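What follows is a set of notes on a single structure, which appears directly below.
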Amino acid sequence: MDVVKPKNQRSKRALEKRAPKLIENPKTAMFVRGGHISQIVTDVMTDLCKLKRPNAVLYRKKNATRPFEDPTTIEFFSQKSDASLFMYGSHNKKRPHNIVFGRMFDHHLLDMIELGVEQYKPMSSFTSIKSSVGIKPCLIFSGDSFETEPNYAKLKNLLIDFFHGSDVERVDLSSLETVITFTVSDGKIFMRVYHIALKKSGTRTPRVELEEMGPSLDLVLRRTHIASSELFKLATRRPKALKPKKEKNISKDPFGSKLARIHMTRQDMKQLKTRRVKGLKRKRDTAQEEGEGTESSPKRQN
């Protein structure tokens, strides 16, 4: 295939922006509506788009596509909007109020999971304070199924990737405003979103309260499309420049203290220089030195 070169500086900057980087940009999520969609699914996608902003692209027009049968349309939208995450909403008699979470690798489908919406409360029905745009949420997963069952474990990994946001080195505690909880119970997934309110407590430490701000979703797991182990390993491979350098003979104990092992050559104790103290000398060496001293001393003359 011929490589198309940019014709001007604008197209050159656009290609450089989409080129692979050592530290990638925050992942963008696109919200795509299917050919048949209910008002509930439309409101769900609108509320989740607000939680994902500013890294979100909302397609308002309907698109008659089926990701599980033919993902080419989703892949085209992914390349067009430079998005590696997507959410697809649809509604039909067989699968009512249907949403699909998925992600891409190199603008090709990696994996996706289909969920059904059974109960929904929009964000507008809650009177609590809404969080700011672009805030990293705290994610809490409750339930043994997220650790023991493969489909729920993959769903947990996908949701963490979806709501992850940008990478930061430090987090200001005062900027933690949102908590998203996912609870598995009786085959259902309960998603709740809370706003963290810091109130006066009479001490230096404020009192923390959670106020539900919506949306509230009761979901059920439906179809899944899981990537193969080889493809997933290729998608999660880190560049060599970002891998930490191995330090030989250095380890850490359970308390986080750094321990090191030092290798030294074998010392010759005979050449070890010490302080010459008479009490440290051996008796034979002392007697020999005294004998040598008497032989070398001059004889007295009468």
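The values are calculated or read from the model by the stated rules, or taken from the named source; none is laboratory data. On a predicted model such as this, the values are computed, not experimentally measured, just so you know. For neighbour counting, all protein chains shown are included, and Cβ atoms are generated from backbone atoms with ideal geometry for every residue, glycine included.
A few notes on this one:
- Test result for Ile74, buried (at least 20 other Cβ atoms within 10 Å of the Cβ) and under 20 Å from the mean Cα position of the chain (by Cα): no
- Residue selection: Leu15 satisfies the criterion of being among the aliphatic types (A, V, I, L, M), surrounded by fewer than 16 Cβ atoms within 10 Å (Cβ to Cβ), assigned to a helix (DSSP H, G or I) and under 27 Å from the mean Cα position of the chain (by Cα).
- Check on Lys27, in a loop (DSSP other than H, G, I, E, B), at pLDDT below 90 and buried (at least 16 other Cβ atoms within 10 Å of the Cβ): yes
- Only residues that are loosely packed, with under 10 Cβ neighbours inside 10 Å and touching an Asp or Glu at 6+ places or on another chain (Cβ under 7 Å) were counted in region 222-275, giving 1.
- Qualifying positions in region 68-86 - without any contact (Cβ under 8 Å) to a residue 60 or more places away in the chain and either closer than 17 Å to Phe163 by Cα or not hydroxyl-bearing (Ser, Thr, Tyr) (or both): Glu69, Asp70, Pro71, Ile74, Glu75, Phe76, Phe77, Gln79, Lys80, Ala83, Ser84, Phe86
- Residues located in region 79-88, provided they are more than 19 Å from the chain's Cα centre (by Cα) and crowded, with 22+ Cβ neighbours inside 10 Å: Met87, Tyr88
- Selection count where residues are out of contact with any His (no Cβ under 7 Å at 6 or more places or on another chain) and either part of a loop (DSSP other than H, G, I, E, B) or hydrophobic (A, V, I, L, M, F, W, C) (or both), scope region 71-129: 29
- Flag if Lys156 is among the basic types (Lys, Arg) and touching a helix residue (DSSP H, G or I) at 6+ places or on another chain (Cβ under 7 Å): yes
- The one condition in (1) at pLDDT 90 or above; (2) surrounded by 14 or more Cβ atoms within 10 Å (Cβ to Cβ) that Gln119 fails to fulfil: (2)
- Options Thr224, Thr181: the member that is within 23 Å of Met112 (Cβ to Cβ), touching a Ser or Thr at 6+ places or on another chain (Cβ under 8 Å) and at pLDDT 90 or above: Thr181
- Pairs are defined by a Cβ separation below 6 Å, a sequence spacing of at least 6 or placement on different chains, a first member in region 1-27 that is over 14 Å from Ser84 (Cβ atoms), and a second member that is modelled with pLDDT of 75 or more and part of a loop (DSSP other than H, G, I, E, B); the pairs so defined are Lys12/Pro6; Leu15/Pro6; Leu22/Pro239.
- Among the conditions (1) without any contact (Cβ under 8 Å) to a residue 40 or more places away in the chain; (2) touching a helix residue (DSSP H, G or I) at 6+ places or on another chain (Cβ under 8 Å), the only one that Thr205 does not satisfy is (2).
- Within region 99-132, considering residues that are within 27 Å of the chain's Cα centre (by Cα) and of a type in the set (D, E, K, R), the one farthest from Arg238 (Cα to Cα): Lys130
- Condition check for Arg300: of a type in the set (Lys, Arg), out of contact with any Lys or Arg (no Cβ under 9 Å at 6 or more places or on another chain) and either modelled with pLDDT under 85 or closer than 26 Å to Asp111 by Cβ (or both): yes
- The condition of being touching a Phe, Trp or Tyr at 6+ places or on another chain (Cβ under 8 Å), in a loop (DSSP other than H, G, I, E, B) and not hydrophobic (A, V, I, L, M, F, W, C) does not hold for Pro6.
- Matching residues, region 243-270, being part of a loop (DSSP other than H, G, I, E, B), charged (D, E, K, R) and within 30 Å of Ile23 (Cα to Cα): Lys243, Lys245, Lys246, Glu247, Lys248
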